[in-house]
Amino acid sequence: MVTSRHDDVESRVAQATLAIIGESLSSMTEILRGLEDELSNTRPDLPGANSPYAIVFHCVGVIEHWAGSVIAGLRIPRDRAAEFTATGRVDDLITRVDDVRARLPEWVDVALREGIRDRTVIGSTRPEVATATPEWVLTHVVRELAQHLGQLELTRDVLRQA
(Lines give C-alpha, C1' and ligand atoms only; values in the text may rest on other atoms or scores of the structure.)
Protein backbone atom coordinates (compact mmCIF):
# COMPACT_ATOMS: atom_id res chain seq x y z
CA MET A 1 0.00 0.00 0.00
CA VAL A 2 1.33 3.42 -0.94
CA THR A 3 0.94 6.17 1.64
CA SER A 4 0.99 9.84 0.87
CA ARG A 5 3.23 12.37 2.56
CA HIS A 6 0.10 13.80 4.21
CA ASP A 7 -0.75 10.40 5.72
CA ASP A 8 2.82 10.08 6.98
CA VAL A 9 2.65 13.51 8.64
CA GLU A 10 -0.73 12.66 10.19
CA SER A 11 0.72 9.44 11.54
CA ARG A 12 3.74 11.21 13.05
CA VAL A 13 1.55 13.91 14.63
CA ALA A 14 -0.75 11.25 16.09
CA GLN A 15 2.19 9.23 17.45
CA ALA A 16 3.83 12.30 18.99
CA THR A 17 0.58 13.54 20.54
CA LEU A 18 -0.23 10.15 22.02
CA ALA A 19 3.32 9.65 23.29
CA ILE A 20 3.48 13.02 25.07
CA ILE A 21 0.00 12.70 26.55
CA GLY A 22 0.83 9.13 27.56
CA GLU A 23 4.01 10.25 29.31
CA SER A 24 2.11 12.93 31.23
CA LEU A 25 -0.62 10.47 32.27
CA SER A 26 1.95 7.86 33.32
CA SER A 27 3.76 10.41 35.48
CA MET A 28 0.46 11.49 37.02
CA THR A 29 -0.58 7.96 37.93
CA GLU A 30 2.88 7.24 39.34
CA ILE A 31 2.57 10.28 41.61
CA LEU A 32 -0.91 9.22 42.75
CA ARG A 33 0.33 5.70 43.54
CA GLY A 34 3.21 7.14 45.53
CA LEU A 35 0.94 9.40 47.56
CA GLU A 36 -1.74 6.74 48.11
CA ASP A 37 -5.34 7.59 48.99
CA GLU A 38 -4.90 9.88 51.99
CA LEU A 39 -2.30 12.29 50.61
CA SER A 40 -3.81 12.16 47.12
CA ASN A 41 -7.03 13.57 48.59
CA THR A 42 -5.30 16.24 50.69
CA ARG A 43 -5.19 19.89 49.66
CA PRO A 44 -1.98 21.73 50.51
CA ASP A 45 -2.42 24.61 52.93
CA LEU A 46 -2.10 27.20 50.17
CA PRO A 47 -4.75 29.58 48.83
CA GLY A 48 -6.64 28.01 45.93
CA ALA A 49 -4.65 24.78 46.00
CA ASN A 50 -6.12 21.54 44.70
CA SER A 51 -5.51 18.01 45.91
CA PRO A 52 -3.49 15.69 43.69
CA TYR A 53 -6.64 13.62 43.14
CA ALA A 54 -8.56 16.67 41.95
CA ILE A 55 -5.75 17.74 39.61
CA VAL A 56 -5.68 14.35 37.87
CA PHE A 57 -9.49 14.10 37.89
CA HIS A 58 -9.56 17.48 36.15
CA CYS A 59 -7.04 16.26 33.57
CA VAL A 60 -9.32 13.36 32.69
CA GLY A 61 -12.11 15.92 32.27
CA VAL A 62 -9.90 18.02 30.01
CA ILE A 63 -9.20 15.06 27.73
CA GLU A 64 -12.81 13.88 27.69
CA HIS A 65 -14.06 17.38 26.92
CA TRP A 66 -11.59 18.50 24.27
CA ALA A 67 -10.84 15.17 22.59
CA GLY A 68 -14.00 13.20 23.32
CA SER A 69 -16.68 15.89 23.11
CA VAL A 70 -15.25 18.63 20.89
CA ILE A 71 -13.23 16.50 18.48
CA ALA A 72 -15.15 13.20 18.48
CA GLY A 73 -18.58 14.73 19.11
CA LEU A 74 -19.45 12.36 21.96
CA ARG A 75 -20.88 15.00 24.32
CA ILE A 76 -19.35 13.45 27.41
CA PRO A 77 -20.99 15.09 30.45
CA ARG A 78 -18.69 17.41 32.37
CA ASP A 79 -18.98 19.38 35.59
CA ARG A 80 -15.76 21.38 35.47
CA ALA A 81 -16.26 23.01 38.87
CA ALA A 82 -16.76 19.62 40.54
CA GLU A 83 -13.49 18.36 39.06
CA PHE A 84 -11.57 20.59 41.48
CA THR A 85 -13.31 19.16 44.56
CA ALA A 86 -13.33 15.52 43.46
CA THR A 87 -12.15 12.91 45.95
CA GLY A 88 -11.91 9.15 45.88
CA ARG A 89 -9.71 6.11 45.73
CA VAL A 90 -6.48 6.33 43.75
CA ASP A 91 -7.12 2.96 42.11
CA ASP A 92 -10.51 4.15 40.81
CA LEU A 93 -9.00 7.31 39.35
CA ILE A 94 -6.18 5.36 37.72
CA THR A 95 -8.84 3.17 36.09
CA ARG A 96 -10.45 6.34 34.69
CA VAL A 97 -7.05 7.52 33.42
CA ASP A 98 -6.47 4.15 31.76
CA ASP A 99 -9.94 4.25 30.18
CA VAL A 100 -9.46 7.71 28.70
CA ARG A 101 -5.97 6.76 27.51
CA ALA A 102 -7.45 3.74 25.70
CA ARG A 103 -10.02 5.93 23.93
CA LEU A 104 -7.60 8.69 23.01
CA PRO A 105 -6.06 7.10 19.86
CA GLU A 106 -9.48 7.02 18.21
CA TRP A 107 -10.13 10.65 19.12
CA VAL A 108 -6.74 11.76 17.81
CA ASP A 109 -7.45 9.87 14.59
CA VAL A 110 -10.80 11.70 14.23
CA ALA A 111 -9.03 15.02 14.80
CA LEU A 112 -6.46 14.43 12.09
CA ARG A 113 -8.70 12.73 9.52
CA GLU A 114 -12.03 14.51 9.98
CA GLY A 115 -11.44 17.58 12.11
CA ILE A 116 -13.72 18.89 14.82
CA ARG A 117 -17.14 17.27 14.98
CA ASP A 118 -18.84 19.46 17.60
CA ARG A 119 -17.90 23.10 18.13
CA THR A 120 -21.09 23.74 20.10
CA VAL A 121 -19.62 22.13 23.25
CA ILE A 122 -16.48 24.28 23.31
CA GLY A 123 -18.03 26.82 25.67
CA SER A 124 -15.29 29.46 25.73
CA THR A 125 -15.32 33.20 25.30
CA ARG A 126 -11.80 33.18 23.87
CA PRO A 127 -12.07 34.09 20.17
CA GLU A 128 -9.32 31.71 19.01
CA VAL A 129 -11.25 28.75 20.42
CA ALA A 130 -14.32 29.35 18.26
CA THR A 131 -12.27 28.83 15.10
CA ALA A 132 -9.71 26.41 16.54
CA THR A 133 -8.23 23.78 14.26
CA PRO A 134 -8.05 20.16 15.37
CA GLU A 135 -4.28 20.60 15.68
CA TRP A 136 -4.86 23.55 18.05
CA VAL A 137 -7.20 21.43 20.17
CA LEU A 138 -4.69 18.56 20.41
CA THR A 139 -1.88 20.96 21.28
CA HIS A 140 -4.14 22.59 23.88
CA VAL A 141 -4.67 19.19 25.53
CA VAL A 142 -0.91 18.53 25.54
CA ARG A 143 -0.28 21.97 27.09
CA GLU A 144 -2.97 21.55 29.74
CA LEU A 145 -1.64 18.16 30.79
CA ALA A 146 1.95 19.42 30.93
CA GLN A 147 0.88 22.41 33.00
CA HIS A 148 -1.11 20.26 35.43
CA LEU A 149 1.67 17.68 35.69
CA GLY A 150 3.95 20.47 36.94
CA GLN A 151 1.24 21.57 39.36
CA LEU A 152 0.87 17.98 40.54
CA GLU A 153 4.62 17.59 41.07
CA LEU A 154 4.75 20.77 43.17
CA THR A 155 1.64 19.73 45.10
CA ARG A 156 3.20 16.35 45.86
CA ASP A 157 6.38 18.03 47.11
CA VAL A 158 4.46 20.46 49.34
CA LEU A 159 2.33 17.65 50.81
CA ARG A 160 5.37 15.51 51.54
CA GLN A 161 7.07 18.43 53.32
CA ALA A 162 4.05 19.13 55.54
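If you take the square roots of the eigenvalues of the alpha-carbon gyration tensor of the range 75-128 and sort them as a ≥ b ≥ c, do you get rounded (a/c under 1.5), prolate (a/b over b/c) or oblate?
On the way: a/c = 3.27, a/b = 1.32, b/c = 2.48.
Oblate.
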**Fill in**
What helix-only [θ] at 222 nm does the chain give? Using -39500 (n - 2.57) per DSSP H run of at least 4, over all residues, to the nearest 500, the answer is -22500 deg cm²/dmol
**Message:** Suppose each label sits 7 Å from its Cα in the direction of the beta carbon; what would the Glu36-Val142 distance come out to in nanometres?
**Reply:** 3.7 nm
**Asked** For the range 66-162, what log10 I(q)/I(0) values come out of the Debye formula at q = 0.12, 0.19 1/Å, with one point per alpha carbon and no solvent?
**Response** -0.48, -1.08
**Fill in**
Per residue, accessible area of the range 28-162 with a 1.4 Å probe, heavy atoms of protein chains only, in Å², comes to 52 Å²
**Prompt:** How much of the accessible area of the chain, probe 1.4 Å, is carbon plus sulfur, in whole percent?
**Reply:** 52 percent
**Prompt:** What are the radius of gyration and Dmax of the chain, computed over its Cα atoms and given in Å?
**Reply:** 16.6, 59
**Message:** Against the empirical 2.2 N^0.38 Å scaling, what ratio does the C-alpha Rg of the range 10-55 come to?
**Reply:** 1.54
**Asked** For the chain, which DSSP H helices look membrane-span-like by this rule: Cα extent along the axis of 24 Å or more and mean Kyte-Doolittle of at least -0.5?
**Response** 5-40, 90-113, 134-161
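The values are calculated or read from the model by the stated rules, or taken from the named source; none is laboratory data. Quick caveat, the model's predicted, so the values are computed rather than measured. For neighbour counting, all protein chains shown are included, and Cβ atoms are generated from backbone atoms with ideal geometry for every residue, glycine included. Surface accessibility is based on the protein's heavy atoms, side chains included, excluding ligands, DNA and RNA. Shrake-Rupley method; radii C 1.70, N 1.55, O 1.52, S 1.80 Å.
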